Amino acid sequence: MAKKSIDQVDVAGKTVLMRVDFNVPLDDQQNITDDRRIRMALPSIKSVIDRGGKLILMSHLGRPTGDASDVEKFSLAPVAKRLGELLDRPVAFAADTVGSDATKKAKQLADGGVLVLENLRFNDGEKKGDAEFAGKLAALADAYCNDAFGTCHRNDASMVAVPQAMAGKPRVVGHLVAKEIEYLSDAIGNPKRPFIAILGGAKVSDKINVINNLLGICDAVMIGGAMAYTFSLAQGGSVGESLVEKDKVDLAKQLIEKGGDKLVLPVDTYCGDDFGDPAGCNKEVVPAGEIRDGFEGMDIGPKTSELYAEKLATAKTIVWNGPMGVFEKPPFDAGTKAVAQAVADSDSISIIGGGDSAAAVDQMGFADQVSHVSTGGGASLAMLEGKAFAAVDLLDEA
């Protein structure tokens, strides 16, 4: 799946249209509260402008509904300002995507110049994958670069229709997407063994296809998070007030039967009787499937943490997607911490699959001790399912 990189394109004097993921969090005053996604795009951005290329950046931000207030609430103007600060050079901003302002400012770009287009989702054509909208974006540049892994599983115009419209011109990956493909596709296609997957989160339904696919590839698939209680119910256990998907119990039974010894479920559970007051509520550790009425599972228990850590110590490849419990609320962060520590301590290629698991390892200080932290939760899940990505497949081969 190796694709041609932006570094392999002669960009001097040419205009590159780069899809980035600048979907950053903003406060009520439109101040950026976490600029990590902007900083992570800097290597690809600098690859173009440091070699004399002209760069047009496009991204979505949030979920605008078409309301008039969305223009200020979801504008990429604060992103353009922050990017200018990080690059220590002027960054132009267009008040539209394919209108007169974007067209004018794209033509005015000097070599080494940067232009940020307004939020792609302000145009209905983006989510619809509209060819006409894509054609107008494509006309702005001489080359296309995809550096937005977080949206690679989507068929939005900027991801698929734009590179289709630029057939015959260079269509390449940026540094972020290249790294994601390298780690995730290698983990699935050619893993060093033992290969262990850790899957957490709330719903079995969110991870059905991932579990199915990984059971056929991995040496072990370890389950945590609230979805473990649906598996408990499938085994005839008591789950108290725990979050479960009763309509997915038959599916959980099928996965248990298919997985056999490969599917590793918690052996104990850390429970509480008040989700809203995790520190002050009554707490107890019980064997898996023995949660009392009035209590709900909040985390894997200490014996499960120990069991999972022992297994992870033997792994050569680890993929982790989803926390083990309510990691945002101590003391129910213990299971996620124990797993994060075990992953960090292991002699393995360790891949954290975005989303809450990425937030957890970052928050707990382990991000620098794993091989790769994915930038896209939904995209990394889709890749772990074995899905093909049209947004990547149509790019130039290395």
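What shape does segment 50-176 have by the C-alpha gyration tensor, where a ≥ b ≥ c are the square roots of the eigenvalues, rounded means a/c under 1.5, and otherwise prolate means a/b greater than b/c and oblate the rest? It comes out rounded by the Cα gyration axes.
In terms of other Cβ atoms within 10 Å, E241, E126, E182, E72 run from fewest to most in the order E72, E182, E241, E126. Taking Cβ atoms as reference points and 13 Å as the exclusive limit, the residues near D28 contribute a net charge of -1, counting Lys and Arg as +1 and Asp and Glu as -1. Between N282, N212, N146, the residue with the greatest mean-square fluctuation in the GNM of the chain (Cα pairs under 10 Å linked by springs) is N282.
Taking each of K4/K81; K4/K169; K81/K136 in turn, the alpha-carbon distance tops 23 angstrom for K4/K81; K81/K136.
Can you figure out the FRET efficiency of Q8 with R292, using R₀ = 56 Å and their beta-carbon distance, to the nearest 0.05? E between Q8 and R292, to the nearest 0.05, is 0.40. Between V16 and residues 5 or more places away or on another chain, which pairs have amide H atoms under 5 Å apart, with H built 1.01 Å from N, and which residues are they? Amide H neighbours of V16, under 5 Å, 5+ apart: K54, L55, I56, D142. Extension gain, D274 to K203, is 23.5 nm, computed as 0.36 nm per intervening residue step minus the present C-alpha separation. The relative contact order of the chain comes to 16 percent, based on Cα pairs under 8 Å that sit 6 or more residues apart. Modelled label positions at D247 and K316, each set 7 Å beyond Cα in the direction of Cβ, lie 4.3 nm from each other.
The calculated 222 nm mean residue ellipticity attributable to helices in the chain amounts to -10000 deg cm²/dmol, summing -39500 (n - 2.57) over DSSP H runs of n ≥ 4 and dividing by all residues.
With 10 angstrom as the radius, rank F195, F22, F275 by how many other C-beta atoms surround their C-beta, starting from the fewest.
Ordered from fewest to most neighbouring Cβ atoms within 10 Å, F195, F22, F275 come out as F275, F195, F22.
Here Q29 and S185 are evaluated by their C-beta separation; at R0 = 41 Å the FRET efficiency comes out at 0.50. The gain in end-to-end length when the Q108 to E257 segment is fully stretched comes to 47.4 nm, 0.36 nm per residue minus the alpha carbon separation. Distance between the modelled labels on D142 and D368, one decimal in nanometres: 4.0 nm (7 Å Cα→Cβ projection).
Pairs with C-alpha atoms separated by more than 32 Å, drawn from the list K54/K128; K246/K387; K192/K329, are K192/K329.
Where (i) 45; (ii) 16; (iii) 22 are the candidate values, the label of the one calculated here for percent of Cα pairs over 41 Å apart is (iii). Here is the result for segment 294-398: no trypsin sites (Lys or Arg not before Pro) lie in DSSP coil with at most 10 other C-beta atoms within 10 angstrom of their C-beta.
Which length gain, in nm to one decimal place, applies between K128 and L87 when the Cα-Cα distance is subtracted from 0.36 nm times their residue separation?
Values: separation 41, 0.36 × 41 = 14.76 nm, distance 3.30 nm.
Gain on extension, K128 to L87, equals 11.5 nm.
Which one of D88, D50, D101 has the biggest mean-square fluctuation once the chain is modelled by GNM with Cα springs under 10 Å? Checking each option, the largest mean-square fluctuation is seen for D88.
Any read-out appearing in this document is the output of simple, stated calculations on the displayed coordinates, not a laboratory observation. Everything numeric here is computed off the predicted structure, so don't read it as measured data. Here Cβ is always computed from backbone atoms with ideal geometry, including for glycine, and neighbour counts include all displayed protein chains.
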